[in-house]
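Data block below; observations after.
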Amino acid sequence: MAAERRWDKRRFQLEESASLNGGARTVFIESMAPGTTVPPHFHNRFAETFDLISGSISVYSSAKPDLDLLEASIQDLEVGKKVTVEPGRFHKYLVCGEEQAVLRAIITPGDTDFERLLKILNGLSADGELESMGDSVILMAVIMGLGDAHLIGPAKDMLEGVKIEKKDEIEELRMKLLAKYDTEEALRELLVDKV
């Protein structure tokens, strides 16, 4: 299984919700197992600031969609030193070492669709369904769409093909997951300080 698709090895909590702060920002905490990574991608709707709380994470960021340039751009995060990736910039990250990493991510402006994907992932996990769906490219398409994550490299080609071939299945799963998990109760459960 590709490490970047191990959604079941990641946990999320919201510190701030765009739906409660006038859209100013989305702030979430992500706890990740060693080896967790995301495929190279970029966002159009928001900047993403990484703030390491504990553990070891490397961030890769490039202005060009060149995987070799991206790999050469490695920057180790340090506790207390934030790194911001602006919209349109290609990036990925990797949890290094043998211990769990905890990261605060700040999305500016806030993004309620991104928050929806966090509710879905935590809800699927709580229901015991996420591990069995960890390899689903249909789920990956839903998550990447809600998270405004535009892939580059081989993952882009693979996902683009899936989006064409399985368009109806993707939309059906998206609607099913939103109906079940995009609720006020799910938002309250996701928030660190319960509302």
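The values are calculated or read from the model by the stated rules, or taken from the named source; none is laboratory data. This is a predicted model, so every value here is computed, not measured. For neighbour counting, all protein chains shown are included, and Cβ atoms are generated from backbone atoms with ideal geometry for every residue, glycine included.
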query = Only one of Arg11, Arg89 is closer than 25 Å to Thr183 by Cα and in contact (Cβ under 8 Å) with a residue 40 or more places away in the chain; which?
reply = Arg11
task = Name the single residue, out of those in region 21-40 being over 16 Å from Val102 (Cβ atoms) and at pLDDT 95 or above, that is surrounded by the fewest Cβ atoms within 10 Å (Cβ to Cβ).
result = Gly22
message = What's the number of the only condition in (1) over 27 Å from Val59 (Cβ atoms); (2) free of Cβ contacts under 8 Å to residues at least 40 places away in the same chain; (3) surrounded by fewer than 18 Cβ atoms within 10 Å (Cβ to Cβ) that Thr183 fails to meet?
response = (2)
inquiry  = Quick test of your reading of the structure: Tyr60 fulfils all but one of (1) touching a helix residue (DSSP H, G or I) at 6+ places or on another chain (Cβ under 9 Å); (2) touching a residue at least 40 places away in the same chain (Cβ under 8 Å). Name the failing condition by number.
reply    = (2)
query = Residues in region 71-82: is at least one within 24 Å of Met175 (Cβ to Cβ), aliphatic (A, V, I, L, M) and part of a helix (DSSP H, G or I)?
reply = no
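Mind telling me which of the residues Ala179, Ala155 ends up being assigned to a helix (DSSP H, G or I), over 16 Å from Glu115 (Cα atoms) and small (Gly, Ala, Ser)?
Ala155 is the lone residue from the list that is assigned to a helix (DSSP H, G or I), over 16 Å from Glu115 (Cα atoms) and small (Gly, Ala, Ser).
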ask   = Applying the selection to region 117-152, what residues are among the polar types (S, T, N, Q), in a helix (DSSP H, G or I) and out of contact with any helix residue (DSSP H, G or I) (no Cβ under 7 Å at 6 or more places or on another chain)?
value = Ser132
